[in-house]
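Report on the following structure.
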Amino acid sequence: LITCVNPAKGTYLFIYNTNTSSATPIWSLNLNSNEFAEPPSANYNSSHRSWLTGDGNKILLRTSGTLGTEGALYVIAIDYTNGGYTVEYDYSASPESVSGPSSLQGSFIGASISRTGTRMFVPVNDSGASPTGRMLIYHYTNSSWVLNKTFVKNDVFTADDGSSKSAPHYFAARTEFASDDTVGVISGYYSTNQTYTARIFYRFDYINNDWT
């Protein structure tokens, strides 16, 4: 179980063992360390969303400061024995980061990691005058996160389902992997007059070593 609070000294991420009644976390992370701080307001850096893998050994973490609403995305491997961690993945240090995100909000909001800790959905808004969305699918291979497949927004939302009306910066509001990592589902907002009252669901299948 992960919970995030904002005490006077900054934002912390805690993990608790729900099999016991103890109120003491078994691991914690100060998000105001230099590694996670977003200038210029590091003291207000926060965990916008976080996911824990099924074995409890990895966290997918999206942070967001008071400015720079595009946020940042990390995968953290937890060291329970020593109370530490290792950053396995940092989007800003990946080769894919050269294309974005833009300064518009929405990047990484629908990101998710599989329960096995070996698959990851990363939605990103491109930089540029007319940014579009990209869905990146990563596999954890040989101890590193490797880009396996890229879908652009127009590959996902076709004209038949009203791509002109789907929210441009939230095309993947939520993503999930099935337990065997061969099926992935995304849901995106469908907008009429920017009300975002409905959602569109798409399924991806991993067949013959390819996501389709």
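Would you mind stating whether residue 200 is hydrophobic (A, V, I, L, M, F, W, C) and at pLDDT below 85?
yes
Does residue 185 satisfy being of a type in the set (A, V, I, L, M), at pLDDT 80 or above and in contact with a Phe, Trp or Tyr (Cβ under 9 Å, 6 or more places away or on another chain)?
yes
Take the residues of the stretch 134-171 that are over 17 Å from residue 209 (Cα atoms) and at pLDDT 80 or above: which is surrounded by the fewest Cβ atoms within 10 Å (Cβ to Cβ)?
Only one residue fits best here, namely 143.
The values are calculated or read from the model by the stated rules, or taken from the named source; none is laboratory data. The structure presented is a predicted model; accordingly, all values stated were derived computationally and were not measured. Every residue, glycine as well, gets a Cβ built from its backbone with ideal geometry; the counts of neighbours run over all protein chains shown.
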